[in-house]
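Student: Before anything else, here's the structure in question.
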Amino acid sequence: MSSRGTKRKRNSSSKGLDRNKPPTKKRQENVQGSSNSKNFKVENFKIFNDPVHGQIKVHPLCVKIIDTPQFQRLRYIKQLGLCYLVFPGAAHNRFEHSIGVYHLAGKYCRTLQTQKPKLGIYEKDVLCVQIAGLCHDLGHGPFSHVFDNMLIPKLPSNSESKWTHEKASLEMFDHLIDSNDLKGDFKKYRLTDRDITFIKELIDPPKEKNGKRTLDGRTKEKHFLYDIVANKSNGIDVDKWDYFLRDCHNLGISSSFDCHRFMECSRVIEVDHKKQICFRDKEVENLYDMFYTRMSLHRRAYQHKTTKIIEEMLVEALIKANKYLTFKGRDDKDKRMSDAIHDMVAYTKMTDDIIQQIMRSNNKNLKPSQDILKRIERRQLYKYIGKMDPKEKIVKTIEEEVRDGKNKIAKKEGSALKKDDIIDVSVVFVNELDKYRVPKYDVNLKEEV
């Protein structure tokens, strides 16, 4: 009797006959999946256990993208460059950050749709935004912004256009799809060429011309989706939210900014004849916390004086190694670092491991670079002299002052200091508000031993 009763109960549950109970989360996901894609199966999702966001459920197509050499490369690129040599905990990589942005992008899309169902945000739209969040950093070079902002501008270039990691991300995304034959997988989930265009526009949104942007991926009614991953209008996007949370977590810096509350207090409203993501006025304090977190991260970690000195030493070593450190590219041709950024086959091979490649090399031409890297290992760093707070009038002609900064600082410090002794003069804006304040000059000096 008891066994039959148990059997009947199990059959009733499996057929879903108890319709008075609200659907469980798992049942909701099954219904949602079956209604949006014939090939959608919940069991194909992969679960990542993330220290910042907890469990992250990753779409099968995104799992396919993750399991490629182009994406796996991000495991070997530090999120904060050489910051880990000053803050030991800052050893996290672009890989986990990209998965975190994927997670927040999907959550934000669904929150906006829940708040206002008439927006018509479909699962395909959400998937495109998530893929953009996942792939937005594919183009970063070794040690992230050290490579992008400090090294590349100092290397010889055969290209007339300015190289950026955003442009490289688009090239790497195309290379990822083509070299891994993923076009069929995109079609499996009903993603067309227009959707791929949409994803690429989300990664690197076109700049406005005369107050307008030409966007082909989605109609004007859905242009607010372009502000989720890379917000060019005010800088408030899920990319920053993840790196605020992740960097603070790994650096041991506290932050009171709550991105989840921020999402819940967001609405899409038509302003100046276009739909925009807006926030409740009561969230202004939370918004201040966000910018304060960014300022704190810059001042305490990103712009730390020892970090900047080590970065300059690394850049000097890589410039000296550029001619002799090569990577196999298309047609099996060797490419220097300065050329590899335009060849995605070669660029895929460029990670933070370039330091070890230089150190292990028997090429005598790399000895000057090896000597600098050994100094970093032994903590024989260039000396930090101090900061200058220029007068307000200098700000008006800041570009000219920076261009001529070496001569000016050399004169101020005394005749014993030569122009070539100063290796770096930089002006740093730590947040949008600081653009209206007097910036500071950081001065690092080369010390011969």
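All of the numbers you see were taken from the coordinates with simple rules; none came from a lab. It should be emphasised that the depicted structure is a prediction, and the values quoted were computed from it without experimental measurement. Reconstructed Cβ throughout: ideal geometry from the backbone, glycine too, with neighbour counts over all protein chains shown.
Student: Given axes a ≥ b ≥ c from the Cα gyration tensor, I'd like to know whether segment 219-292 is rounded (a/c under 1.5), prolate (a/b larger than b/c) or oblate.
Tutor: Here segment 219-292 falls in the prolate category.
Student: Right, another one. Give me the net charge for the shell around Q115: Cβ to Cβ below 12 angstrom, other residues only, Lys and Arg +1, Asp and Glu -1.
Tutor: With Lys, Arg at +1 and Asp, Glu at -1, the neighbours total +4.
Student: How large is the dipole of segment 346-389 about the Cα centre if only Lys and Arg carry +1 and Asp and Glu carry -1, each at its Cβ, rounded to the nearest 20 debye?
Tutor: Result for segment 346-389 is approximately 240 debye, rounded to the nearest 20.
Student: Moving on. Given a Förster radius of 22 Å and the C-beta distance between R300 and T111 as r, what FRET efficiency does 1/(1 + (r/R0)^6) yield to the nearest 0.05?
Tutor: The pair R300/T111 has a calculated efficiency of 0.10.
Student: Then there's this: What relative contact order, as a whole-number percentage, does segment 44-302 give when Cα pairs under 8 Å and 6 or more residues apart are counted?
Tutor: Averaging sequence separation for qualifying contacts and normalising by length gives 19 percent for segment 44-302.
Student: If you take every residue apart from E201 with its C-beta less than 10 Å away from the C-beta of E201, what net charge results, scoring Lys and Arg +1 and Asp and Glu -1?
Tutor: So the environment of E201 carries a net charge of +1.
Student: May I pose another question? Using R₀ = 25 Å, calculate the FRET efficiency as 1/(1 + (r/R₀)^6) where r is the Cβ-Cβ separation of K209 and K118; round to 0.05.
Tutor: With a Förster radius of 25 Å, E is 0.25.
Student: Report the paramagnetic label zone for D181: residues of segment 50-94 whose backbone N is under 16 Å from a point 7 Å from Cα along the Cα-to-Cβ axis.
Tutor: Inside the label zone: 64-65, 68-69.
Student: May I pose another question? So, in nm, how far is label K162 from label E221 when the simple model puts each one 7 Å beyond its Cα toward the Cβ?
Tutor: Distance between the two pseudo-spin positions: 3.7 nm.
Student: Could you list, bin by bin from short to long, the percent of Cα-Cα pairs of segment 44-302 in 10 Å steps?
Tutor: Going from the shortest bin to the longest, the percentages are 6, 29, 37, 23, 4, 0.
Student: Can you list the GluC sites (Glu not before Pro) in segment 87-190 that are in a DSSP coil and have 11 or fewer other beta carbons within 10 angstrom?
Tutor: E160
Student: Does segment 86-187 come out rounded, prolate or oblate by the C-alpha gyration tensor, with a ≥ b ≥ c the root eigenvalues, rounded set by a/c under 1.5 and, if not, prolate when a/b is larger than b/c and oblate if not?
Tutor: prolate
Student: Taking H placed 1.01 Å from N in the peptide plane, check which residues at least 5 places from K335 or on another chain put their amide H under 5 Å from its amide H.
Tutor: Excluding prolines and chain starts, which carry no amide H, the hits are F327, K328, G329.
Student: For K383 paired with K364, estimate the spin-label separation in nm (one decimal), with each label point 7 Å from Cα along the Cα-to-Cβ line.
Tutor: Distance between the two pseudo-spin positions: 3.4 nm.
Student: Among C259, C135, C128, rank each residue by its count of other Cβ atoms within 10 Å, from fewest to most, as a rough exposure measure.
Tutor: Arranged by neighbour count, lowest to highest, C259, C135, C128 become C259, C128, C135.
Student: Amide H neighbours of D50 under 5 Å, counting only residues 5+ apart in sequence or on other chains, H built in-plane at 1.01 Å?
Tutor: Q55, I56
Student: How about segment 202-254: which trypsin sites (Lys or Arg not before Pro) there lie in a loop by DSSP and see at most 12 other Cβ atoms within 10 Å?
Tutor: Sparse-neighbourhood loop trypsin sites (Lys or Arg not before Pro): K207.
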